[in-house]
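What follows is calculated from the coordinates using simple rules that are stated; it is not laboratory data. Small disclaimer: the values here were computed from a predicted structure and weren't measured. Neighbour counts run over all protein chains shown; Cβ positions are idealised from the backbone, glycine included.
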Amino acid sequence: MDIDEKSLDAIGQWPWSRVILATLLSKISATSPAAIGIDIIFPEKDRTSLKQIKNFYKNYFNIDINVTGIPHDLQDNDAIFADILKSTQSVMSIYLSREKISNDSYEVKSKLEITPNIFAVKNYPYVLQNTPELTSGVENFGFINTNIDEDGILRRYQLVKKYQDKLVPSLGLETLLSISPELKVSRNNFEVMQHKFETDQKSNVLLSFYHDSWYKKVSVLDILSNSVNAEQLRGKIVLIGSSATALHDQVVVPKGRSMAGIQVHATMIDNLLHDELLVQPQNFKLINIYIALVLTLLLAFLLFKKENSYILLLFISVVVLSVFINFYSLWNGLYLSIGYFLLPFLMHFFLISIIFIFIDTYDKKEFSQELNRSHIAFMDSMSHVAEVHDFETGAHIVRTKKYIKLLAEYIYSKGIYKNELSREMIEMMYFTSPMHDIGKIGIADAILKKEGKLTDMEYEVMKTHADLGKHIINNAISSYKGNSFLIMAKNIAHYHHEKWDGSGYPEGLKGEEIPLESRFMAISDVYDALVSKRVYKGAFSFEKTVEIIKDGKGTHFDPVLVDAFMEIKEEFYKIAQEYQD
């Protein structure tokens, strides 16, 4: 029997006059139901009662109200309702609490003859009870407390709780006992109306909720207006409660459904009478955790063996199989607490995945470093080839890479070219700069080692070393695309003779079209060529060399790099002196 929105709209907001409720109970009782359970508590007297209205005006305004024409029996709505409650043998609700929620103290009636310590339930010291006038002739009471799991879902229904060292039944259980009071209880075993079932140590049973269409709800307005056929209720268990949102009697059940509290009691009663309560094997929560732990160890073993495909296969198989088993078990009335398995397993899988990411990142970093070391070794080897072919190149290689690092670090410290220059790029320039003249291994000795000035034709041949260097390194890049070391080495070898004004070779690039690493190499290479003795020329003085570099600002060299060079030219000189040919 639903105190729904339709009823509240027609009769008025809650609480209603107890005369209306007395009429409702009388009409229900006239249909000869098997039992009536009321999921409502009446802790205060009815303020719409004429007797209470008189007291109100007397207490607050000191006015005596005399009303004539109304029989004395109709002046107390609570007395009218109490008489109906007694005659219908309805089951009334109470609410047990660990906090004091009422100033009155009541003795809760309970006909359960069960040893209080048979269940591991906590004792409730307080209760929210109906008024003494309403309960004086009523024999059947049940608590309406619900137990919500930690995730906010109601799955379990507790049959008994302890109040002041006495066991009290739930509303649903007491409603059944009002039909057949015989109850057999041993530890974890109940028998009610010849239906046997097991509970956990706290007397909880697992509910099997039905589809929304199963719950047979009748608006109390239809009962009051005689719109319900008596045969619908005859011999049935009738529960009176509310699904109205304003009365806040809603809980969340599995699948995220919202359900009125009265429907939870109806679910338990029907589950019990049709032997549809779910069964949960003892200690299965612990077994689930152990299984999750074993699978975690297996995951760790597969991770150690780096069997990535088997890890993925295990994860998918376990999740799919566990979900299938869970649904199959529920279909057959067996609840396996799959969350106690899946949650630890998924958490462990997540943790192992994090560990795997760290290990994989470390391995990749080690591999990358090893690869870089191999590239550096390769470049050093190629540089030595150039040294063998051109004996003047050896110390030149050492000096130029130190010039580049010195200049780049200074530029970086000033925040110049901050969108391009980084610590990693500086290191790469240092290691790849020795490749700038690798193309000279393709130049004939007659030209490469000629003493004196080259002819125009010989100079054109010499200029081809930039293209030769590009082709040599491109062969390596084709086998390992995207390698930043090799790409930088190619840029340095190919473009280090380009000039800022576009007059350089081999492509005639201009300004920032020239890669930054190539611009660093250009100023370092020219500086070292000027201060060093060659077969075709003598060494220029430090001052002369600085003047030539300065004059090349904006024509030969990047102006920004020339400005930086001028600020640290003394450091260049020290390197030239320390690593002489």
remark   = Surpassing 19 Å at the alpha-carbon level, of the pairs 405/537; 365/414; 401/574; 450/537, are 405/537; 365/414
task = Give the Rg/Rh ratio for the stretch 493-554, taking Rg as the radius of gyration of the Cα atoms and Rh as the Kirkwood radius, to two decimals.
result = 1.00
message = For the pair residue 136/residue 217, report the inter-label distance in nm, with labels modelled 7 Å from Cα in the Cβ direction.
response = 3.7
key: Residues residue 58 and residue 26, FRET efficiency given R0 of 30 Å [Cβ-Cβ distance, rounded to 0.05]   = 0.45
Extension gain (nm, one decimal) between residue 153 and residue 360, 0.36 nm per residue minus Cα-Cα = 70.6 nm
query = So for 497, 348, fewest C-beta neighbours within 10 Å to most, what's the order?
reply = 348, 497
Label-point separation in nm, residue 423 to residue 478, each point 7 Å along Cα→Cβ = 3.8
key: Mean Cα-pair separation over length for the stretch 284-361, i.e. relative contact order, pairs under 8 Å, 6 or more apart, %   = 49
task = State, as an integer percentage, the relative contact order of the chain based on alpha-carbon contacts under 8 Å between residues 6 or more apart.
result = 11
query = When DSSP beta bridges are limited to those with both residues in the chain, what percentage is antiparallel, rounded to the nearest 5?
reply = 60
key: Efficiency of FRET from Cβ geometry, residue 294 and residue 10, R₀ 60 Å, rounded to 0.05   = 0.45
note = Residues 457, 428 in order from fewest to most other beta-carbon atoms within 10 Å are 457, 428
inquiry  = For 98, 156, which order do you get if you count the other beta carbons within 10 Å of each Cβ and list the fewest first?
reply    = 98, 156
ask   = Once the Cβ-Cβ distance between residue 226 and residue 186 is put in as r, and R0 is 30 Å, what FRET efficiency do you end up with, to the nearest 0.05?
value = 0.05
note = In whole angstrom, the spacing between the Cα centers of the stretch 440-472 and the stretch 44-115 equals 114
inquiry  = Taking every pair of distinct Cα atoms and averaging 1/r, then inverting, what Kirkwood hydrodynamic radius in Å comes out for the stretch 116-172?
reply    = 12.9
query = Points 7 angstrom from Cα along the Cβ direction at residue 196 and residue 539: gap in nanometres?
reply = 10.8
message = Principal axis extents for the stretch 171-271, Cα atoms only, whole Å, descending order, please.
response = 46, 33, 22
message = Return the Rg/Rh ratio of the chain with Cα-based radii and a Kirkwood Rh.
response = 1.41
task = Using θ = phi - 60° and the Karplus relation 6.51 cos²θ - 1.76 cosθ + 1.60, list the HN-Hα couplings for the stretch 145-154 in order, rounded to whole Hz, with x at every Gly or Pro.
result = 4, 10, 9, 9, 5, 4, 8, x, 9, 8
key: Using θ = phi - 60° and Karplus 6.51 cos²θ - 1.76 cosθ + 1.60, couplings along the stretch 194-207 (whole Hz; Gly, Pro as x)   = 6, 10, 9, 7, 10, 10, 8, 5, 9, 6, 7, 10, 8, 8
ask   = Cα-based Rg (one decimal) and Dmax (whole number) for the stretch 390-578, in Å?
value = 15.9, 46
task = Go ahead and estimate [θ] at 222 nm for the chain from helices alone: -39,500 (n - 2.57) per DSSP H run with n ≥ 4, summed, over the residue count, rounded to 500.
result = -15500 deg cm²/dmol
